[in-house]
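Below is one structure, written out as C-alpha cells; the observations come after it.
Just so you know, all these numbers are worked out from the coordinates, no wet-lab data involved. Everything numeric in this text was worked out from a predicted model, so none of it was measured. Reconstructed Cβ throughout: ideal geometry from the backbone, glycine too, with neighbour counts over all protein chains shown.
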Amino acid sequence: MDDSLVIDAVSRRFGALRALDDVSLSIREGEIFSLLGPSGCGKTTLLRLLAGFDAPEAGRIFLAGKDITALPPEHRPVNTVFQNYALFPHLSVRENIAFGPRLAGWSRSELRTAIDRMLALVKLESHADCKPAQLSGGQKQRTALARALVNRPRVLLLDEPLAALDLKLRQHLLVELASLHREVGTTFVYVTHDQGEAMSLSHRIAVMNRGRVEQVDEPERLYRQPATAFVAAFIGNTNIVDGRAESGGVRLADGLFAPLPDGVNAASGTSLRLSVRPEHMRLEIGGLEDPWRVAEVVFGGPHTQYWVEGRGQRWLIQQPGPPAFARGAAVQLRVESAGVSLLPEAGS
Amino acid sequence: MKHVFRGRTTEWLLTTPSLLWLAIFFALPAGLILMAAFRPADLHGGLGDGWSLAAVHALADPSYPALWFRTLWLSLVATLICLALALPAGYHLARLPRRRQGVILLLIVLPFLTNFLIRVFAWKTLLHPDGPLTRLLQNCGILSEDTLLLYNSGAVLAVLVYVHLPFALLPVYAAAERFDFCLLDAARDLGAGAWKRFWSVFLPGVGAGAGAGALLVLTGCLGQYVVPQLVGGTDNEMIGNRIVQRAFSDRNLPEAAALSGVLLIALLLVLMAQARKRRHSAREAGL
C-alpha cells in the first residue's frame, strides 16, 4: 500500500501552548487511520491542518506526493465530516449533498446519478427532501457523510462524528461506518477521544498526548505492546508497576513475581517499569498469612473487577464471571506473562 | 401550579395585553386615519360632517405619480445600501470577542442619544457649500466649484442611510450572532469561495434578520419628510412632505389621510407577504 497522506515534522503553537510539537505521520491509501487522545492533545489541531483551515509554523503536509501545506481548504481534494455535522439548515438533504458537486460544475445527469447513489449508500432515499431540522442525529450524521463522500475526496476527515450521539446509536453507526468504508475505499482519518471507537474501527491508530505522537500501531499491538505508560493507561485499563529484573521475569516492589512474555529479556538487576493488564491476573483463595485483601468488587456483567490492596500496592484485576470473592477476602495473586509489557520509563 | 401557563384559555390571557396594546395604539388610530380619508374637509382644517369621496378622488392628482415614484426608489435604494453595509458589518461584529461587540454596539446606538433633528442638521452643516467636506473635496480637485453636495437626491439618500443604518444593522447582528459559523467552514471544505460562502450560506442564515432590518428601514424611509425637507431642497420632495403640506399648510386633513392610507395599506401588504413567507419557511423547517 502507498502512503497517501504524509505529515512531515509539523508544529503548531498557540501562544505558549505547543498544540502540535514536531509531529510526523504517514497514512496509507485506503486505510482507516485514527488520531486518538484526550482533549487538548492536538488531534483536532492536526485535523484542521489536514483540512486546510489552519497552517503549521513548521513542517509540511503531502497528499499523494504533492505538497498541500499552503493549499486552502476549497482547493484540497479532502473533505470533512464536522463534529456537529454543519449541515446547511436552509437546504434539503439532496441539496446539501449537491453543494460540493455543483460548485465543481458537474453536469446535471452526473449530479443526479451521484446523489442517488450516495442517498442509497447512506440509506436516506426516503428523506432526500427533508430539511436537516427534520432529521434524527444518526440521519444528520449520514447526510454529512454523503455530502463529503460525493466529492470523491482522496481523504475523508472525520472529526468526532459520533460524539453527539447516544451509546446504542454510536455502536450501530460504528458498524455502518466500517461497512461504508469497505464500499468506498477512501482513506479515512478519524479523530476521537474514545479509545473504544478507535480500537473497533481503525486499521491503525496514532495515540497523541500533549501535541506529540506517543505511538502509531494497529489496535491489537497498541493494546498488547504499549510503547509508553501513557498509551498503556489510555488504551484500556492497566496496572503500572515498578520492579527489578531477575531470571525469567521481574520481582515487583511488593514482592509479586511477573513473568516476562516470550522474546522479552532484561538483564538481571535492572530496574523496570511494567504494564500489567487486569484480565491477565489470576485471583486465588489465600490465607491469613497472605498480604492481599479485596478492597472493592465491581460487577460488570460478563466479568467482575476487583481492587486488591496489600503492601502499599493497589491492583485492578478482572476475572470472567460473577463475583467469586467478597470484600475483605484474603487472596493470592498470579501474573500471566501475556498481560505484561515493558515500558520505557524504567528507573526514572 | 405547574399547569397554569398551559392551554388555550391561558394562551389568550397571556396575549391579551399585547393585543390590547396593538388595538389601542395601532389598529384604532390606523382605522381613524382611513376613515378620515372619506370625510369632507371643513374650513377650519378639521373634518367636516358626512361622507365624501373628494379626498380619494384627489389621489389622482397628476403631481403624485412622480412623487410616489421618487419616494419608492429613494426608499428602496436606501434600504439596499443599508443592507449592503449592515451585512458585512454584522458578520464581522458577530465574530469579534464578546467584550468588543458590546463596545461597538454601544457606539452604534450612541448617536440615538442626540435629537434626530440635530443629527440631520449636522449633515446639513457638513454638506453645506461652505462646509468642511465641500472645501476638502474642492481643494483635492475631486469636486468642481459649482457642484453642490447639498440639495440633491444624493444628499437625501446619504442622510436616509445614515439615519436608518442602525435599524438594519441591529437585526442583522442579532441573526449573525446566532449564526453557526461552522457552516462557512463546511462550505469552504466543499469548495466554496468567499462570495459563494457569503451568498449561499451566510445570507440564507441571517435572512430573517436581514428581512426584518430591511422592513424597518423601508418603513422608516417611506414615511420620511424631515430629511428631504432639510437636505433635499425643492426638487427632492417625498410623499411625506406632501402629507405634511396637506395637513398643515393646505389644512386639508382628508387628503393627508388619504395619502397616509395608501402608504399604510402598501406597507401592510409588504408585511403580510413577509409573514406569509416566514410561516411557509417555518413549516418547511418542520417547526
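For the range A:287-296, check the following and say yes or no: at least one residue is surrounded by fewer than 14 Cβ atoms within 10 Å (Cβ to Cβ) and more than 19 Å from A:Asp254 (Cα to Cα). Looking through the range A:287-296, at least one residue is surrounded by fewer than 14 Cβ atoms within 10 Å (Cβ to Cβ) and more than 19 Å from A:Asp254 (Cα to Cα).
Sub-8 Å Cβ pairs linking a first residue in the range B:94-119 that is on the phi < 0 side of the Ramachandran plot to a second residue that is assigned to a loop (DSSP other than H, G, I, E, B) and surrounded by 12 or more Cβ atoms within 10 Å (Cβ to Cβ), at least 6 apart or interchain, are B:Ala94/B:Phe179; B:Ala94/B:Phe181; B:Arg95/B:Phe181; B:Ile104/B:Leu96, ordered by first then second residue.
Can you go through A:Pro320, A:Pro261 and tell me which one is touching a Ser or Thr at 6+ places or on another chain (Cβ under 7 Å), within 30 Å of A:Gly37 (Cα to Cα) and surrounded by fewer than 20 Cβ atoms within 10 Å (Cβ to Cβ)?
Numbers: A:Pro320 fails: touching a Ser or Thr at 6+ places or on another chain (Cβ under 7 Å).
From the options A:Pro320, A:Pro261, the qualifying one is A:Pro261.
For the range A:34-51, residues that are more than 16 Å from A:Ile205 (Cα to Cα) and touching an Asp or Glu at 6+ places or on another chain (Cβ under 8 Å) total 3. Could you please find all residues in the range B:247-287 being farther than 14 Å from B:Ile33 by Cα, assigned to a helix (DSSP H, G or I) and over 21 Å from the mean Cα position of the chain (by Cα)? Answer for the range B:247-287, where residues must be farther than 14 Å from B:Ile33 by Cα, assigned to a helix (DSSP H, G or I) and over 21 Å from the mean Cα position of the chain (by Cα): B:Phe248, B:Ser249, B:Arg279, B:His280, B:Ser281, B:Ala282, B:Arg283, B:Glu284.
Inspection of the range A:223-233 finds no residue satisfying the criterion of being in contact with an Asp or Glu (Cβ under 9 Å, 6 or more places away or on another chain), assigned to a strand (DSSP E or B) and among the aliphatic types (A, V, I, L, M).
B:Leu203 falls short on exactly one of the conditions (1) more than 30 Å from A:Leu157 (Cα to Cα); (2) in contact (Cβ under 8 Å) with a residue 60 or more places away in the chain; (3) within 14 Å of chain A (Cβ to nearest Cβ); (4) out of contact with any Pro (no Cβ under 9 Å at 6 or more places or on another chain), and that condition is (1). For the range B:134-185, the set of residues classified as part of a loop (DSSP other than H, G, I, E, B) and either more than 27 Å from the chain's Cα centre (by Cα) or among the small types (Gly, Ala, Ser) (or both) consists of B:Cys140, B:Gly141, B:Ile142, B:Leu143, B:Ser144, B:Glu145, B:Asp146, B:Thr147, B:Asp180, B:Phe181, listed by residue number.
Looking only at residues of the range A:122-141 that are more than 16 Å from A:Val81 (Cβ to Cβ) and either part of a helix (DSSP H, G or I) or in contact with an Asp or Glu (Cβ under 8 Å, 6 or more places away or on another chain) (or both), we find that the one that is farthest from the other protein chains (Cβ to nearest Cβ) is A:Glu125.
Could you grab me the full set of residues in the range A:167-214 that are hydrophobic (A, V, I, L, M, F, W, C) and assigned to a helix (DSSP H, G or I)? Steps first, please.
Filtering the range A:167-214 for residues hydrophobic (A, V, I, L, M, F, W, C) gives A:167, A:169, A:173-175, A:177-178, A:180, A:184, A:188-189, A:191, A:198-199, A:201, A:205-208, A:213.
Result: A:Leu167, A:Leu169, A:Leu173, A:Leu174, A:Val175, A:Leu177, A:Ala178, A:Leu180, A:Val184, A:Ala198, A:Met199, A:Leu201.
Tell me, please, whether a residue that is within 14 Å of another protein chain (Cβ to nearest Cβ), buried (at least 17 other Cβ atoms within 10 Å of the Cβ) and of a type in the set (Lys, Arg) can be found in the range B:156-178. Checking the range B:156-178: not a single residue is within 14 Å of another protein chain (Cβ to nearest Cβ), buried (at least 17 other Cβ atoms within 10 Å of the Cβ) and of a type in the set (Lys, Arg). Within the range B:188-198, can you find the residues that are buried (at least 24 other Cβ atoms within 10 Å of the Cβ) and either over 15 Å from A:Ala144 (Cα atoms) or more than 7 Å from every other protein chain (Cβ to nearest Cβ) (or both)? Scanning the range B:188-198 gives no hits.
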